[in-house]
Every structure is written in C-alpha cells, then in structure tokens.
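Asks: There's a structure below that I have some questions on.
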Amino acid sequence: MATTKETVYIEAEDEITAVIDKVTSASNKIVAVVLPKRATVFQSVVNMKLLKKAATEAKKQVVVISSEPAIESIAAIAGVHLAKSLQSKPVIPKRTKQVESEVISSAELDDNLPFVETEEPEEAKFVASESEPAIPEPVAPLPLSAENDTIELDNTDDEAVEVPEGTLAKEAKEKKKKRAFRVPDFSNFKLRMGLGIALVVLLITGWVFGFVILPKATITLNTDTSSSTVTFDFVVSAEAAELNVEKAVVPATKAEVSKQNSATVPATGEKNVGEKATGTLTLANCAKNSEGISIPAGSGFSAGNLTYVTNQAIELGPAVYFGNNCRSEDFPEAGAVKDVGVTATNSGESYNINARSYTSSIAGVTASGTAMSGGTTQVVKVVSAEDVAGAKQKLVGTSTAEAIAELSKTLESQELQAIAETLVEGEPNEKVSAAVDSEVSEVTVTQTVLFSMLGVSTNDLGTLLDSKVTASLEEGAGTNIRRNGLDTAVLRLASAASATNQTLNLQTVAVLGPEFDEAAIRNEVAGMKRGDIEKLLEARGGVRSVSVDYSPIWITTTPKSADKITIVINELEN
C-alpha cells in the first residue's frame with residue numbers, strides 16, 4: 001500500500017517553534033516541508049536538528065523541499081532528507097569537508113559561542129572561548145621607530161607625516177587612505193532609490209493580487225436526495241380566466257398564423273389528340289310489339305372494344321315481324337330502319353375498321369355499319385389526376401415546422417410557454433394551375449393553411465405541478481421540493497374538444513431533498529477556517545459530506561468576501 005504524504009508550507013517569517021508545530025500536527029506519516037526562498041529559520045544547523053528531533057519523537061518522517069545550496073549543506077550536517085521539488089526523490093545530502101566548512105560559523109553561533117571582532121590588521125587572529133571574550137594572539141613587537149610615532153586620525157594632513165616603511169603605523173595609514181571619505185554619487189543614489197521604491201510597490205501589488213484579489217474558495221455540499229415520478233391530466237383552455245388548481249384547469253392564450261406553400265410536378269398523363277374515325281350505322285327496330293324507339297344522340301354502338309356514338313338523335317318506327325322473325329330491314333319504308341352518322345369515342349388509327357355488325361346499347365335495336373375511316377394518332381402530355389394528387393402529397397407537413405416556430409416565438413414574446421402538442425392545422429385552401437387532361441408540361445398546386453397553438457403561463461403550470469408533487473409527499477417526512485421537474489416534463493395530447501380547449505397529460509420526475517440558501521451560506525462561512533466550515537455544514541440535515549477547496553494553491557483560509565465563495569451542491573441519490 002502506498003504511503004500518503006502531507007505538504008506543509010513555511011512562511012518566510014515563521015519561527016522554528018511554528019514549523020515544529022505544523023510538522024507534529026500533520027495527519028500523515030511523511031511530511032514535506034516546503035521552504036520559501038531565503039528562509040532564515042533554517043540557516044541554522046541547530047534549528048534543522050531541532051526539527052528532526054521533534055519529528056522523530058512524533059513518529060514523522062520529514063522531507064525538506066528546497067533548491068538552495070545553503071539549505072542542502074545544513075541538511076547534510078543535520079542528516080535530514082532533502083528534495084528539490086515535491087516530485088523529486090528525497091535523499092540525505094552527502095557530508096563533505098567543504099560542506100562542513102560552509103556551515104561551521106552558523107553552527108558555532110547557534111551554540112552561543114561569543115566572538116570579538118576587530119578591524120585591526122589581519123595578523124591579529126582571534127580565539128573563541130565559552131567563558132570569556134576572544135583575544136588576539138600575540139603579534140610581533142613594533143619597530144622602535146614606529147613606537148614613538150604619533151598618528152593623527154582627525155584634522156591631520158596625512159601626506160605631511162613621514163611614516164617609516166614596514167611599521168604598523170604605516171599599514172594603519174594605508175588602511176585609513178582606503179577608508180577615506182568619498183563624495184556620494186547622487187545620480188546613482190537616485191537610481192537605486194527609484195528601483196527600491198519600484199520593488200516595494202511591486203511587492204505590495206503582488207501581495208494584494210495574490211492574497212486579496214486572486215483567492216477564491218469552492219465549497220461542495222454532497223446532499224441526500226430522492227426522486228418522485230409525477231403524472232396527471234390537466235386542461236388548457238382559452239375560455240378560462242384564471243388558474244383552477246382543484247379542477248386542474250390552466251388558462252391559455254391562442255395564437256394563429258397562416259402559411260402558404262406550393263408544389264409543382266411535371267405532367268405525366270398522355271392523351272391522343274388525333275382525328276377520330278367516322279362512318280354510318282344502319283339501325284333497325286326489332287323490338288316486338290313496340291310502337292317505335294327514340295335513339296338519342298351519343299348512343300353507343302361497339303365492335304369489340306371499339307365504341308362509336310351517334311352524332312344525332314333519330315326516331316325508329318314500329319318493328320315489322322312475320323311470325324317470330326323481324327323483317328324491319330326488309331321494309332325500310334315502314335320507318336323501322338334508318339341510317340345515322342357515328343364518330344369514334346377516341347382518336348386513333350385503330351378505330352379505322354371494315355363494315356360489320358355492332359352491339360347496340362339500346363335493347364331491341366340492331367346495328368350494322370359501313371367501314372370507319374379518318375382516325376389518326378397524335379399523343380401529347382396532359383395533367384392526370386395522379387399528378388395533382390402527387391403535388392398535394394408533397395405539401396403535407398411542409399408548413400408545420402415553420403408554423404410551430406412562428407407560433408412559439410409569438411407566445412414566448414408574451415412570456416408564455418408554447419405547447420406544441422396543442423397545434424391545430426386547418427383544412428387547406430387549394431388552387432390547381434391546370435385541370436386534369438389539360439395539355440400542359442407541369443401542374444402547380446398551392447395550399448393556404450391556418451395553424452393555431454395554445455400557450456400558458458409557466459408560473460401557472462409550475463404552481464399546478466407543485467401542488468401535485470406536494471400532495472404525493474408523506475406528511476411530516478421533512479422533505480422539500482428541490483426541483484419540481486417542470487423543465488424536463490413530457491406533455492402528450494390526451495384529447496381535443498376544440499382548438500381552444502384541450503386536455504394534456506404531464507409526466508416528469510421531481511427531486512426531493514433539503515433546501516439551501518446559497519447566498520446565506522456564503523455570508524455565513526466568509527473568513528472561516530476549512531475545518532470549521534465542514535463541521536458547520538455537515539451538521540445540517542440532508543448534508544452527507546462537505547469539502548472546501550482554495551485557489552491559488554498558497555491560500556489556506558476562506559476569503560472574507562462572500563463574492564469570492566462558490567457553493568456547489570451535488571445531489572446524491574439515496
């Protein structure tokens with residue numbers, strides 16, 4: 001199993017006691033101590049050893065995070081693990097004579113050994129002692145000529161005094177020359193002061209930006225919720241004046257729009273417009289015991305599947321019979337036999353036939369004809385009934401989508417919720433550009449349709465839905481409506497008494513659980529510590545757990561401004 005670590009960030013002004021307290025109070029075994037640049041608290045081997053000792057007693061493993069060579073040297077003397085970053089592998093730096101020499105002065109100062117410093121010549125070496133101040137080691141006696149010389153430090157013209165070479169007085173004079181007063185370079189001073197002021201302003205601006213403007217907190221509440229399926233029927237009526245919760249009647253507003261569309265299709269019918277064959281038929285009345293027969297114009301006589309019609313009306317006299325035999329054709333003078341001109345019902349050369357007998361469409365009348373001639377074929381395109389029907393079919397539904405969009409926009413402009421399920425499409429008013437059998441290349445059908453739709457107030461519908469959800473809750477259960485589910489509700493048309501009075505079915509899933517005032521929570525937790533926020537909010541009913549996150553990474557406390565706090569509510573199903 002992997003061992004988790006905890007990261008502790010050290011401020012530049014933290015004392016060693018504060019650092020030890022952070023390390024020993026860490027909850028994980030491995031503690032990564034991240035040092036800022038130039039951390040004074042660990043410029044001492046003693047402080048590093050104190051930290052290691054306190055961590056060992058608290059059964060913690062300390063890893064110092066720093067890339068400074070000085071810290072590496074001190075960690076090597078103290079035997080503390082060191083890593084250059086949180087992702088680097090920690091190691092104990094190797095001890096060398098060079099490392100020990102680099103930190104020896106720091107170690108001696110921490111052991112409180114007194115030192116006496118001097119500006120005398122370098123030949124005077126000092127020795128530290130635990131009981132008394134350090135004194136210079138014996139030096140060689142001064143030459144006699146130098147012992148009696150007097151060196152004036154103030155108001156003396158050094159150039160006028162002759163000092164023997166090789167004496168301490170000569171060396172003191174040379175050092176005094178080096179320390180001679182120089183006239184300050186005020187232009188350089190102004191530049192440095194300007195840079196210093198700019199650096200201070202930059203630091204202050206960076207601090208304000210990093211610790212006042214940037215800090216944000218995100219508080220996540222994981223809450224217990226449950227869902228409840230709700231379904232019921234309700235009536236939307238343009239005749240209703242106000243919402244009736246008991247009868248589930250919601251007042252509605254009717255919107256209308258007229259849409260016109262047309263469809264054009266090519267003519268696919270065919271028609272023979274050639275000449276029709278003509279000829280003469282001889283008609284005889286053989287209707288026994290009849291006084292006479294009237295044959296109207298247009299009466300048909302057929303030869304197989306070819307039909308010819310009379311061009312005019314004629315009257316046939318009584319039939320002539322001898323016994324049971326019709327002899328009307330033998331006695332034309334009796335008036336029972338007459339000739340009449342006929343014309344083929346359709347054009348075409350197929351109607352040009354030889355003389356023959358014909359089947360009569362009039363009972364008791366026989367017919368025989370001469371040869372039929374003059375029929376010709378000339379086929380042209382005409383509009384068929386199927387062409388018109390096809391154009392009408394292309395128009396079905398073409399305006400529906402546009403009508404719904406326009407009606408919805410109209411109703412929404414009135415702050416109403418458009419209900420597409422209430423759309424009513426009126427009977428189309430049609431116009432056809434050419435009649436059936438017309439000799440044209442194409443035909444256009446134009447339709448004008450009136451559409452209507454109902455819209456209701458979202459508040460009215462939400463109030464009705466809330467009442468239905470509330471009615472399904474158990475009394476005293478301590479559960480509130482988190483979301484009534486109106487935004488995800490599914491509506492279906494149950495019945496339509498008219499375009500202005502329709503019954504709909506609503507089905508949705510409501511979310512039940514505790515209610516939270518996010519604004520109040522932000523104001524309440526502003527400036528609080530992470531642990532206090534978690535304890536405060538987890539004690540509330542319906543809250544399963546709470547987590548607090550800060551940004552940027554160096555922020556460890558909640559901003560005092562509620563505007564910088566974000567509340568996130570995660571609804572977890574039971």
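The values are calculated or read from the model by the stated rules, or taken from the named source; none is laboratory data. Just so it is clear, the structure is predicted and the values come from calculations on it, not from any experiment. With ideal geometry, Cβ positions are generated from the backbone for all residues, glycine too; neighbour counts draw on all protein chains shown. These area figures cover heavy atoms from the full protein model, side chains too; ligands, DNA and RNA do not enter into them. Shrake-Rupley method; radii C 1.70, N 1.55, O 1.52, S 1.80 Å.
Asks: So is GLU291 of a type in the set (D, E, K, R), open to solvent by 50 Å² or more (accessible area, probe 1.4 Å), within 30 Å of ALA367 (Cα to Cα) and out of contact with any strand residue (DSSP E or B) (no Cβ under 8 Å at 6 or more places or on another chain) or not?
Replies: So GLU291 fits the description; yes.
Asks: Residue by residue through the stretch 74-86, note down the ones that are buried (at least 21 other Cβ atoms within 10 Å of the Cβ) and either touching a residue at least 40 places away in the same chain (Cβ under 8 Å) or assigned to a helix (DSSP H, G or I) (or both).
Replies: Of everything in the stretch 74-86, those that are buried (at least 21 other Cβ atoms within 10 Å of the Cβ) and either touching a residue at least 40 places away in the same chain (Cβ under 8 Å) or assigned to a helix (DSSP H, G or I) (or both) turn out to be ILE74, ALA75, ALA76, ALA78.
Asks: Tell me, yes or no, whether the stretch 92-104 has at least one residue that is open to solvent by 70 Å² or more (accessible area, probe 1.4 Å) and either at pLDDT 85 or above or among the aromatic types (Phe, Trp, Tyr) (or both).
Replies: Within the stretch 92-104, one or more residues are open to solvent by 70 Å² or more (accessible area, probe 1.4 Å) and either at pLDDT 85 or above or among the aromatic types (Phe, Trp, Tyr) (or both).
Asks: Among what's in the stretch 1-37 and is farther than 16 Å from SER85 by Cα, within 46 Å of the chain's Cα centre (by Cα) and charged (D, E, K, R), pick the residue that is most open to solvent (accessible area, probe 1.4 Å).
Replies: Within the stretch 1-37, the match that is most open to solvent (accessible area, probe 1.4 Å) is LYS29.
Asks: Okay, next question. How many of the residues in the stretch 38-73 are surrounded by fewer than 15 Cβ atoms within 10 Å (Cβ to Cβ) and either closer than 17 Å to THR7 by Cβ or touching a residue at least 60 places away in the same chain (Cβ under 8 Å) (or both)?
Replies: 1
Asks: In addition: Could you tell me which of the residues PHE301, PHE234 is closer than 30 Å to LEU473 by Cα and crowded, with 17+ Cβ neighbours inside 10 Å? Spell out how you get there, then give the answer.
Replies: On the way: PHE301 fails: closer than 30 Å to LEU473 by Cα.
So the residue among PHE301, PHE234 that is closer than 30 Å to LEU473 by Cα and crowded, with 17+ Cβ neighbours inside 10 Å is PHE234.
Asks: Something else now. Which residues, taken from the stretch 49-73, are under 20 Å from GLU11 (Cβ atoms), assigned to a helix (DSSP H, G or I) and not β-branched (Val, Ile, Thr)?
Replies: Residues satisfying the conditions are LEU50, LEU51, ALA54, ALA55, ALA70.
Asks: If you check THR557 against the conditions, is it in a loop (DSSP other than H, G, I, E, B) and either touching a helix residue (DSSP H, G or I) at 6+ places or on another chain (Cβ under 7 Å) or among the hydroxyl-bearing types (Ser, Thr, Tyr) (or both)?
Replies: Values: in a loop (DSSP other than H, G, I, E, B): yes; either touching a helix residue (DSSP H, G or I) at 6+ places or on another chain (Cβ under 7 Å) or among the hydroxyl-bearing types (Ser, Thr, Tyr) (or both): yes.
So THR557 fits the description; yes.
Asks: Somewhere in the stretch 533-545, is a residue small (Gly, Ala, Ser), within 15 Å of THR218 (Cα to Cα) and either touching a residue at least 60 places away in the same chain (Cβ under 8 Å) or open to solvent by 70 Å² or more (accessible area, probe 1.4 Å) (or both)?
Replies: Taking every residue of the stretch 533-545 in turn, at least one turns out to be small (Gly, Ala, Ser), within 15 Å of THR218 (Cα to Cα) and either touching a residue at least 60 places away in the same chain (Cβ under 8 Å) or open to solvent by 70 Å² or more (accessible area, probe 1.4 Å) (or both).
Asks: Now for a different question. Would it be correct to say that SER368 is surrounded by fewer than 18 Cβ atoms within 10 Å (Cβ to Cβ) and in contact (Cβ under 8 Å) with a residue 40 or more places away in the chain?
Replies: yes
Asks: Across the stretch 193-222, which residue is most open to solvent (accessible area, probe 1.4 Å) among those that are in contact with a strand residue (DSSP E or B) (Cβ under 9 Å, 6 or more places away or on another chain) and at pLDDT 85 or above?
Replies: Pass one, the stretch 193-222, residues in contact with a strand residue (DSSP E or B) (Cβ under 9 Å, 6 or more places away or on another chain): 214-222.
Still in the list and also at pLDDT 85 or above: 215-222.
Numbers: PRO215: 7, LYS216: 114, ALA217: 1, THR218: 52, ILE219: 0, THR220: 21, LEU221: 1, ASN222: 33 Å².
That would be LYS216.
Asks: Something else about it: Does the stretch 276-284 include one or more residues that are open to solvent by less than 50 Å² (accessible area, probe 1.4 Å), over 30 Å from THR377 (Cβ atoms) and in contact with a helix residue (DSSP H, G or I) (Cβ under 7 Å, 6 or more places away or on another chain)? Give the steps one after another, and end with the answer.
Replies: Looking only at the stretch 276-284, we keep the residues that are open to solvent by less than 50 Å² (accessible area, probe 1.4 Å), and these are 277, 279, 281-284.
Next, only the ones that are over 30 Å from THR377 (Cβ atoms) stay: 284.
Those left that are additionally in contact with a helix residue (DSSP H, G or I) (Cβ under 7 Å, 6 or more places away or on another chain): 284.
Yes - at least one qualifying residue is present in the stretch 276-284.
Asks: Could you check the stretch 507-532 and list, in sequence order, the residues that are among the β-branched types (Val, Ile, Thr) and open to solvent by 50 Å² or more (accessible area, probe 1.4 Å)?
Replies: Just the residues of the stretch 507-532 that are among the β-branched types (Val, Ile, Thr), to begin with: 508-509, 511, 521, 525.
Correct list: VAL509 only.
Asks: Find the residue count for the stretch 429-461, including only residues that are closer than 27 Å to VAL250 by Cβ and touching a helix residue (DSSP H, G or I) at 6+ places or on another chain (Cβ under 7 Å).
Replies: Final tally of qualifying residues: 4.
Asks: Looking at the stretch 314-345 only, could you name the residues that are closer than 30 Å to THR377 by Cα and open to solvent by 20 Å² or more (accessible area, probe 1.4 Å)?
Replies: The answer is ASP339, GLY341, THR343, THR345.
Asks: Give all pairs with beta carbons closer than 8 Å in which a residue from the stretch 302-331 that is more than 29 Å from LYS276 (Cβ to Cβ) and of a type in the set (Phe, Trp, Tyr) meets a residue that is assigned to a strand (DSSP E or B) and modelled with pLDDT of 85 or more; count only pairs at least 6 apart in sequence or on separate chains.
Replies: That search, which allows pairs on different chains as well, returns PHE331/VAL337.
Asks: Residues that are in a strand (DSSP E or B), touching a Phe, Trp or Tyr at 6+ places or on another chain (Cβ under 6 Å) and under 30 Å from ASP330 (Cα atoms): does the stretch 289-297 have at least one?
Replies: no
Yes or no, residue by residue, for (1) part of a strand (DSSP E or B); (2) over 24 Å from GLU349 (Cβ atoms); (3) free of Cβ contacts under 8 Å to residues at least 24 places away in the same chain; (4) out of contact with any Cys (no Cβ under 7 Å at 6 or more places or on another chain):
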{"residue": "GLU242", "(1), (2), (3), (4)": "no, yes, yes, yes"}
{"residue": "PRO251", "(1), (2), (3), (4)": "yes, yes, no, yes"}
{"residue": "SER258", "(1), (2), (3), (4)": "yes, yes, no, yes"}
{"residue": "ASN261", "(1), (2), (3), (4)": "yes, yes, no, yes"}
{"residue": "LYS271", "(1), (2), (3), (4)": "yes, no, no, yes"}
{"residue": "GLY274", "(1), (2), (3), (4)": "no, no, no, yes"}
{"residue": "THR278", "(1), (2), (3), (4)": "yes, no, no, yes"}
{"residue": "ALA284", "(1), (2), (3), (4)": "yes, yes, no, yes"}
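Asks: Assess whether GLU571 counts as being within 27 Å of the chain's Cα centre (by Cα) and either in a strand (DSSP E or B) or without any contact (Cβ under 8 Å) to a residue 40 or more places away in the chain (or both).
Replies: yes
Asks: While we're looking at this one, here's another question. Only one of SER368, SER361 is closer than 30 Å to ALA319 by Cβ, over 60 Å from the mean Cα position of the chain (by Cα) and at pLDDT 90 or above. Can you tell me which?
Replies: Residue meeting the stated conditions: SER368.
Asks: Residues that are farther than 21 Å from THR458 by Cβ, in contact (Cβ under 8 Å) with a residue 24 or more places away in the chain, part of a strand (DSSP E or B) and of a type in the set (A, V, I, L, M): does the stretch 477-493 have at least one? Before you say what the answer is, go through the steps one by one.
Replies: The first filter runs over the stretch 477-493 and keeps only residues farther than 21 Å from THR458 by Cβ, leaving 477-479.
Now restrict to residues that are in contact (Cβ under 8 Å) with a residue 24 or more places away in the chain: 478-479.
Subsequent filtering for residues that are part of a strand (DSSP E or B) retains none.
No, the stretch 477-493 contains no residue that is farther than 21 Å from THR458 by Cβ, in contact (Cβ under 8 Å) with a residue 24 or more places away in the chain, part of a strand (DSSP E or B) and of a type in the set (A, V, I, L, M).
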